[in-house]
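Accompanying notes for the structure given below.
Quick note: the coordinates plus some simple rules give every number you see, no bench work behind them. What you are looking at is a predicted structure, and each value in this text was computed from that prediction instead of being measured. Glycine gets a Cβ as well: all are built from the backbone with ideal geometry, and neighbour counts include every protein chain shown.
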DNA sequence: ACAACATACAACCATTTGGTTGTATGTTGT
DNA sequence: ACAACATACAACCAAATGGTTGTATGTTGT
């Protein structure tokens with residue numbers, strides 16, 4: 001092994017969640033303020049269920065959280081998760097700069 | 001429309017390229033220094049063709065470039081592309097801060 | 001109580017993805 | 001010249017993705 005396994009799982013989930021433009025758009029909305037799933041769904045030309053699944057993907061990745069308010073689920077974006085993605089990119093930039101002490105710790109050593 | 005269409009295509013490609021751990025690992029290697037496709041392939045427990053496809057995905061996303069050297073293709077990571085992803089995340093953080101002037105310009109106005 | 005609303009989730013489908021093997025093409029060193 | 005090497009790419013396959021419709025469950029206001 002090398003690169004902490006669960007952290008790679010997190011990275012997979014985060015980048016995958018961000019790889020869809022509808023999900024990025026939803027994320028922008030919920031970072032700007034709370035929105036119910038229904039309110040979000042109203043913004044897109046697709047079924048409620050499709051939007052709800054996108055919200056679920058973002059939630060599983062930790063990019064948004066939901067809280068119940070009566071019969072609504074209010075979703076808010078988690079800026080800390082966004083920052084954690086940014087720091088993964090910073091790490092990549094550090095690799096480029098040659099600034100990583102133990103670069104082999106970041107690279108998969110198959111053998 | 002809203003959010004520049006081609007820039008969304010770029011974002012799709014970049015985040016998708018980053019959403020696979022093998023590709024992130026390849027990107028780390030080529031950010032640290034040039035590597036031939038064969039050298040990269042030697043590091044993973046999968047076929048040469050599989051690794052070559054991962055390299056192609058990274059290349060299409062603009063995260064790496066190749067230059068020919070004799071019979072080898074040497075791949076190097078493009079740190080500017082990594083930074084462009086970082087700035088997309090910064091923009092998300094700006095949305096969260098409420099710092100975006102015309103927030104509606106960033107959000108899809110379907111109607 | 002109950003109709004309308006908000007959400008969740010299952011089942012299904014077409015397309016994409018990540019892998020495979022096989023084949024073709026270009027480059028090099030002897 | 002030619003064998004070995006480096007790469008590219010097509011064809012194929014199973015699994016995952018992004019969408020659909022339909023159904024079930026909880027919540028609210030009258």
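Structural remarks
- Count - residues of region B:29-49 that are exposed (fewer than 13 other Cβ atoms within 10 Å of the Cβ) and at the interface with another protein chain (Cβ under 9 Å from one of its Cβ atoms): 1
Residue by residue, here is whether (1) touching a strand residue (DSSP E or B) at 6+ places or on another chain (Cβ under 9 Å); (2) away from DNA strand D (no atom under 16 Å from the Cβ) holds:
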position: A:55; (1), (2): yes, no
position: A:62; (1), (2): no, no
position: A:76; (1), (2): yes, yes
position: A:81; (1), (2): yes, yes
position: A:93; (1), (2): no, yes
position: A:100; (1), (2): no, yes
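- Evaluated against (1) within 12 Å of DNA strand D (Cβ to nearest atom); (2) closer than 25 Å to residue A:9 by Cβ, residue B:21 falls short on exactly one condition, (1).
- Residue count, region A:67-106 (criterion: over 30 Å from residue B:31 (Cα atoms), away from DNA strand C (no atom under 12 Å from the Cβ) and buried (at least 18 other Cβ atoms within 10 Å of the Cβ)): 1
- Filter result for the condition that a residue is touching a helix residue (DSSP H, G or I) at 6+ places or on another chain (Cβ under 8 Å) and either without any contact (Cβ under 8 Å) to a residue 24 or more places away in the chain or at positive phi (or both), over A:17, A:41, A:81, A:49: A:41
- Selection within region A:52-66 - surrounded by 16 or more Cβ atoms within 10 Å (Cβ to Cβ), within 19 Å of residue B:15 (Cα to Cα) and either within 13 Å of DNA strand C (Cβ to nearest atom) or without any contact (Cβ under 8 Å) to a residue 24 or more places away in the chain (or both): A:54, A:55, A:57, A:58, A:59, A:64
- Restricting attention to region B:67-78, the residues being more than 10 Å from every other protein chain (Cβ to nearest Cβ), touching a helix residue (DSSP H, G or I) at 6+ places or on another chain (Cβ under 8 Å) and touching a residue at least 40 places away in the same chain (Cβ under 8 Å) number 1.
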